[in-house]
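S.K.: Pasting in a structure now, in structure tokens, and then I'll have a few things to ask.
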Amino acid sequence: MGCRRTPRRWFRVDLVLYHRPLRCLRLIDLKIGRFSYQDAGQMHPYLNYVRENWMKPGEYPPVGLILCAGKPCPRRRVHDRASG
């Protein structure tokens, strides 16, 4: 499980997988309700932490995926900080 700490709280992403053919880590965050832009904003610090602390030489930047149970999904977008 991926995590990062602020002065008083721990934040955790639900799943961290390594995609062997793409040579990158994939962070998956599972949400019960609808997608919110706050969910997307939470993914960026996770990706930054993983890039700074877990990436190995020769790997591509991590990819974040947010899966929501609620509908509708306003847009489908893969989050990776390399593309901005």
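The values are calculated or read from the model by the stated rules, or taken from the named source; none is laboratory data. The shown structure was predicted, so the numbers you read here are calculated from the model rather than taken from an experiment. Here Cβ is always computed from backbone atoms with ideal geometry, including for glycine, and neighbour counts include all displayed protein chains.
S.K.: Do you know which of the residues in segment 34-45 that are among the small types (Gly, Ala, Ser) and assigned to a helix (DSSP H, G or I) is farthest from GLY64 (Cα to Cα)?
M.R.: Once the filter is applied, the top-ranked residue is GLY41.
S.K.: Which members of segment 41-80 meet the condition of being among the hydrophobic types (A, V, I, L, M, F, W, C) and at pLDDT 85 or above?
M.R.: MET43, LEU47, VAL50, TRP54, MET55, VAL63, LEU65, ILE66, LEU67, CYS68
S.K.: Same structure, new question: Could you grab the pairs with beta carbons closer than 6 Å, sequence gap of 6+ or different chains, first residue in segment 61-80 and closer than 15 Å to GLY33 by Cα and in a loop (DSSP other than H, G, I, E, B), second one at pLDDT 55 or above and of a type in the set (A, V, I, L, M, F, W, C)?
M.R.: Between residues of segment 61-80 that are closer than 15 Å to GLY33 by Cα and in a loop (DSSP other than H, G, I, E, B) and residues that are at pLDDT 55 or above and of a type in the set (A, V, I, L, M, F, W, C), the close pairs are ALA69/ILE32; CYS73/PHE35.
S.K.: Scan segment 1-33 residue by residue and report those that are outside any strand (DSSP E or B) and either more than 12 Å from the chain's Cα centre (by Cα) or modelled with pLDDT under 65 (or both).
M.R.: Listed by number, the residues that qualify are MET1, GLY2, THR6, PRO7, ARG8, ARG9, ARG20, PRO21, LEU22, ARG23, ILE32, GLY33.
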